[in-house]
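Below is one structure, written out as structure tokens, with a few remarks after it.
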Amino acid sequence: KGLFEEAKFSRQGNADAVRMYKQALSIDPDYPLPYARLSNIFQLNPRFGWSGDVEGTLRRAVELAEKAVALDDQNPSLHRMLSRAVIRIRSPDAVRRSIKSMERAIELDPDFADAYAFLGNLLTANGRIDDGLRSIETAIRMNPRFPFWYLFMRGINRFMAKDYEKA
């Protein structure tokens, strides 16, 4: 039910999803998925203007993702969520830490195409443009029915490589 509400991409949907995830945690506080989903909501709300305290909300997103990973260090999706939360905070070590989390997700699941796609932009942001392009191209090869945002990631990487025509 929480995922359904979250997928509405609306302020009310997110608020309803938060309520449902908190209810799930009241039943089982050691279940990592609700922490990860709460992290996702808390990192997205500021992007849509649905948070009055952007920095606090983003810090909370990282805390929730860290909690999820602490509960299940072997789940690659939780490491991906932590990576996505960390990169939203503009700190000196955010890119390095985010790359480390995404690489851990891939280490746990070498076929995790979405992780390769996101890692491509992280590597590019770290000045490793060729590695970033290879990573996004790996994701596209691994998942021939990739979601639209792979092309967005590829375009960003190609733009940063100054390959404007392909971007």
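The values are calculated or read from the model by the stated rules, or taken from the named source; none is laboratory data. Everything quoted here is computed from the prediction, not taken from an experiment. Positions of Cβ are generated from backbone atoms using ideal geometry, with glycine treated the same way; all protein chains shown enter the neighbour counts. Please note that ligands, DNA and RNA were not included when accessible areas were found on the heavy atoms of the full protein model with its side chains. Shrake-Rupley method; radii C 1.70, N 1.55, O 1.52, S 1.80 Å.
Observations
- Read-out P(r) over Cα pairs in 5 Å bins from 0, in percent, derived from the coordinates shown; its label in (i) 2, 10, 16, 19, 20, 17, 11, 4, 1, 0, 0; (ii) 1, 10, 19, 23, 20, 13, 8, 4, 2, 0; (iii) 2, 8, 18, 22, 23, 17, 8, 2, 0: (i)
- For region 90-106, the Karplus equation 6.51 cos²θ - 1.76 cosθ + 1.60, evaluated at θ = phi - 60°, returns couplings of 8, 10, x, 9, 4, 5, 4, 5, 5, 4, 4, 5, 5, 5, 5, 4, 5 Hz by residue, with Gly and Pro reported as x.
- Listed residues Pro147, Pro110, Pro34, most fluctuating in the chain (Gaussian network, C-alpha, under 10 Å): Pro147
- Inter-label distance for Phe159 and Asp72, nm, one decimal - labels placed 7 Å from Cα along Cα-to-Cβ: 3.5
- Cα-based shape type of region 12-62, given that a ≥ b ≥ c are square roots of the gyration tensor eigenvalues and the cut on a/c is 1.5: prolate
- Of the residues Ile129, Ile41, the one with the largest accessible area comes first in the ranking Ile129, Ile41, computed with a 1.4 Å probe on protein heavy atoms.
- Above 19 Å, the calculated P(r) of region 42-115 contains 33 percent of its Cα-Cα pairs.
- Chymotrypsin sites (Phe, Trp or Tyr not before Pro), loop per DSSP, at most 13 other Cβ atoms within 10 Å - longest free stretch of the chain: 10-163
- Candidate residues Lys162, Lys67: accessible-area rank, largest first, probe 1.4 Å: Lys162, Lys67
- With K and R counted +1 and D and E -1, the other residues having a Cβ less than 12 Å from that of Ser91 yield a net charge of +3.
- From phi via Karplus (6.51, -1.76, 1.60), per-residue ³J(HN,Hα) for region 33-45 in Hz, x at Gly/Pro: 4, x, 5, 5, 5, 4, 4, 4, 4, 5, 7, 8, 3
- Modelled label positions at Gln23 and Asn126, each set 7 Å beyond Cα in the direction of Cβ, lie 4.1 nm from each other.
- Heavy-atom accessible area ranking, 1.4 Å probe, most first, across Met160, Met81, Met142: Met160, Met142, Met81
- Overall form of region 63-158 per C-alpha gyration tensor (a/c, 1.5; a/b vs b/c): oblate
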